[in-house]
Every structure is written in C-alpha cells, then in structure tokens.
Amino acid sequence: MEVVIVPDAATGGEIVAEAMAQLLRRKPDALLGVATGSTPLPVYRALAAKVGAGEVQVDRARVCQLDEYVGLPAGHPESYRSVLLREVVEPLGLSPDAFLGPDGAAQDIPAACQAYDAALSAAGGVDLQLLGIGTDGHIGFNEPGSSLASRTRIKTLTEQTRVDNARFFDGDIEQVPHHVITQGIGTILEARHLVLLATGEGKAEAVAQTVEGPVAAIVPASALQLHPHATVVVDEAAASELKLAPYFRATYAAKPSWQGL
Ligand SMILES: N[C@@H]1[C@@H](O)[C@H](O)[C@@H](COP(=O)(O)O)O[C@@H]1O
C-alpha cells in the first residue's frame, strides 16, 4: 500500500486525476470506477479540466458505479446514478451508454446485484476504482462487519451513515434510504488499482485504522491491505493520526519520476 500525503484536497484531486489520465493514455477504453460523496469532486473537476485542455482523450472511456440507494425513484436527483451523471458523465462529455451501474429501483434486488457483478466482469473488470471512506471506515456502502469476501449485495445503512448523508437530503434523515446496493469488498478488491482519497480531520481515525490497524471487517477499508496495488491519498488533516507519516512522506519524496501512482 502506498500512502501519499498532500497539502490539501485540491492537490489530492489533481494527483488522482493525473493517475486516471495516465491510465486513459495507456488504455483509452479503461473502465474507471467512480465514487460519490464530497471527497472525489476535486478529482472529477481536475479530470474535466485535463480533458478541456486536450491533455487526455476520454471518448472511449467507460465509468461504473460503486454503490446505489435502494428505493429512490428513477431519476431522483440524489440517486447515485443521477449524481454521477451530473458530476462525471456530463462534465467529461461521455455518453450515458459508457456508464454502468446497478438498478436501485429493481423489483428483484438480489438479481440486480448479481447482474451488476456479471456486467462488471463482462466489461473486463474495473481498471482503477476510486474510493472515499466513511467516518466509520466503510468503503462503497460496506458498513462495519461486512464480509471481506462479499459480492455486490443489499446492505442496511448504519444510523451514523444516514446522519452523515442527510446533508444531501435537505438535512432530513427521514429521507435517507435505509437500504443500498453496494459492490462487495470482494468485488472492489478485483479492480486492478484501488485509489482511496480522504480529506479532513473527520476521516483521520478511519484512515489510521485502514492503513495501520489490523485487517478486520469492523474497518471495511482495511481490506485495502490485501490488494497488491492500493494507493491512499490523504491531506494533512486526514493523515494527522498516522504514526508512519514521516516514512510515507520520505517515500513519496524519493519516488522515481517515471513511476505513477
Ligand atoms: N457511499 C458513499 C461512500 O462511497 C463515500 O466514500 C462516503 C463518504 O463521503 P464523503 O466523501 O462525502 O465524506 O459517503 C457515502 O457513504
């Protein structure tokens, strides 16, 4: 696992967007796994700027969803599909056909989950999966206690996650669905490169447990320790509880210039 400590969220966004751009220059039809929440927004802005400046082409790029609320009507502005169409697909000028996601409004949710795992495999697998992290250490919507071998499935949100996400629903927790579909931790670990981005002091404890704690279902993001190519990009505030921070800084400062993330 590589830990990159950056001065601020904008720098983190730039570094991750550049990693995506490098991937797309090498593999123009790469499948990018994108995440929701506030943290990844600087990445999407930086990538759109690179596209606008002609630094990378995305006409063959494909994007896929990490998780989705269950039960929101199709087209609800806070469904993750709507959010990602608005924040990623449209700004990059991609066709909605280049976008893969699970159907959170399906009648048969287990079938929709299975179909999504099958669609990801049929698409050749995820090349780079961007992840945020919940304050309780969740990735996607894999709440604490999730099996580290889990596949895409329905989960029930914790009260804390519903409180955290109420800001997207007029601050009203009653509007936040209880159920979600999320790529399982086993599904996420199949992506070729995992990039977890965390900013702000509120994520410091979860980041420390992810990077320096034991691999345990109680901290779902700690499963990244099992992945051969996982990168954790954190700002100073999110890095503030890392004991190995001096080592991570020295390692990144000495990184050969030819080596991307
Ligand atoms: N399902 C999403 C996660 O994928 C995201 O990482 C988390 C953190 O969001 P934020 O980046 O806004 O803190 O929010 C939600 O729970």
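Any read-out appearing in this document is the output of simple, stated calculations on the displayed coordinates, not a laboratory observation. Owing to the predicted nature of the structure, the values given are computational and were not obtained by experimental measurement. Neighbour counts run over all protein chains shown; Cβ positions are idealised from the backbone, glycine included.
Summary of values
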item	result
Qualifying residue in region 70-89 (condition: assigned to a helix (DSSP H, G or I), of a type in the set (S, T, N, Q) and more than 30 Å from Leu23 (Cβ to Cβ))	no
Residues that are touching a Cys at 6+ places or on another chain (Cβ under 8 Å), more than 15 Å from the ligand (Cβ to nearest atom) and not in a helix (DSSP H, G or I), drawn from region 94-146	Phe99, Leu100, Ala123
Given (1) surrounded by fewer than 17 Cβ atoms within 10 Å (Cβ to Cβ); (2) more than 29 Å from Val163 (Cβ to Cβ); (3) of a type in the set (Asp, Glu), index of the condition Asp8 fails	(2)
Some residue of region 173-189 being under 26 Å from Leu47 (Cα atoms), more than 9 Å from the ligand (Cβ to nearest atom) and in a loop (DSSP other than H, G, I, E, B)	yes
Extreme residue, farthest from the ligand (Cβ to nearest atom), among residues of region 201-230 that are in contact with a helix residue (DSSP H, G or I) (Cβ under 8 Å, 6 or more places away or on another chain) and in a loop (DSSP other than H, G, I, E, B)	Pro214
Candidate set: region 12-65, residues that are under 18 Å from the mean Cα position of the chain (by Cα), among the small types (Gly, Ala, Ser) and assigned to a loop (DSSP other than H, G, I, E, B); chosen: the one farthest from Val234 (Cα to Cα)	Ala61
Among the residues listed as Gly213, Gly202, the single one being free of Cβ contacts under 8 Å to residues at least 12 places away in the same chain and either under 23 Å from Gly140 (Cβ atoms) or surrounded by 17 or more Cβ atoms within 10 Å (Cβ to Cβ) (or both)	Gly213
Search result, residues across region 116-143 that are crowded, with 16+ Cβ neighbours inside 10 Å and either under 16 Å from Phe99 (Cβ atoms) or over 16 Å from the mean Cα position of the chain (by Cα) (or both)	Tyr116, Asp117, Leu120, Val126, Asp127, Leu128, Gln129, Leu130
Ala123 of a type in the set (Gly, Ala, Ser) and in contact (Cβ under 8 Å) with a residue 24 or more places away in the chain	yes
Residue satisfying condition, being under 20 Å from Ala9 (Cβ atoms), more than 15 Å from the chain's Cα centre (by Cα) and of a type in the set (Val, Ile, Thr), within set Val211, Val234	Val211
